[in-house]
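**Student:** After the structure tokens below, expect a handful of questions from me.
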Amino acid sequence: MTARGASVVVAARGWIGTPYVHQAARKGTGCDCLGLLRGVWLEVVGQAPEPIPAYSMDWSEPQGEERLWQAALRHLLAKSLTDEAPGDVLLFRMRSGAVAKHLGIATKVGPQARFIHAYSGHGVTESPLSLPWRRRIVARFEFPAEAI
């Protein structure tokens, strides 16, 4: 594990137990999956790269726009889906044909792979990166050393 990956995993684990709150990004108080990523970014990289506009639970679906993917490409370093490492940012498409709009952070790779994410009804949790989750991954990124 790289030093950068290790710092991302430590920061992400610090958010475990934070309740799920749509559009929030406050450790211990509430966050959604984007808020988790934003919080880890602030801890590991520094200042937020761009303001986040308000978004609804179904944002970008009616238009079919991959807004989250586009933002990730602007600020994170794209990786091959097979180049797995702890600390990677995972982008998921939750339903076939829908836009990709769930994020997680890999904490362990290999047969016992795990990731941290925030989702409704569960808050921030570390979960097994099981086959059903793996099938939903559409992109993999890593945090830059500094804001791009």
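Bear in mind these aren't lab numbers, they're just calculated from the coordinates by the rules spelled out. From a predicted model like this one, the values you see are computed outputs, not experimental measurements. As a convention, Cβ positions derive from the backbone with ideal geometry for all residues, glycine included, and neighbour counts pool all protein chains shown.
**Student:** Taking a ≥ b ≥ c as the square roots of the eigenvalues of the Cα gyration tensor of segment 1-146, is the shape rounded (a/c under 1.5), prolate (a/b larger than b/c) or oblate?
**Tutor:** Rounded, since a/c falls under 1.5.
**Student:** Taking the chain as a Gaussian network, where each spring joins two C-alpha atoms under 10 Å apart, which residue of Glu50, Glu84, Glu65 fluctuates the most?
**Tutor:** Between Glu50, Glu84, Glu65, it is Glu50 that shows the largest mean-square fluctuation.
**Student:** Sticking with this one: Ordered by residue, what ³J(HN,Hα) values in Hz, to whole numbers, does segment 119-133 give under the Karplus form 6.51 cos²θ - 1.76 cosθ + 1.60, where θ = phi - 60° and Gly and Pro are x?
**Tutor:** After applying 6.51 cos²θ - 1.76 cosθ + 1.60, I find 8, 3, x, 10, x, 8, 9, 9, 10, x, 8, 5, 4, x, 6 Hz.
**Student:** When Lys and Arg each count +1 and Asp and Glu each count -1, what net charge do the other residues less than 11 Å away from Glu50, Cβ to Cβ, add up to?
**Tutor:** Working: positive: Arg38, Arg74; negative: none.
With Lys, Arg at +1 and Asp, Glu at -1, the neighbours total +2.
**Student:** If you don't mind, there's one more thing I want to ask. When the Karplus curve 6.51 cos²θ - 1.76 cosθ + 1.60 is applied with θ = phi - 60°, which whole-Hz ³J(HN,Hα) does each residue of segment 75-91 get, with x for Gly and Pro?
**Tutor:** Taking θ as phi minus 60°, the curve returns 10, 10, 9, 5, 10, 5, 4, 8, 8, 7, 8, x, x, 5, 8, 10, 10 Hz for segment 75-91.
**Student:** Net charge near Tyr20: determine it from the other residues with C-beta under 14 Å of the C-beta of Tyr20, scoring Lys and Arg +1 and Asp and Glu -1. The partial results should precede the final answer.
**Tutor:** Numbers: positive: Arg26, Lys27; negative: Asp32.
That works out to +1.
**Student:** Another question, if that's okay. Given the -39500 (n - 2.57) contribution per DSSP H run of 4+ residues, what per-residue ellipticity at 222 nm results for the chain, rounded to the nearest 500 deg cm²/dmol?
**Tutor:** -7500 deg cm²/dmol
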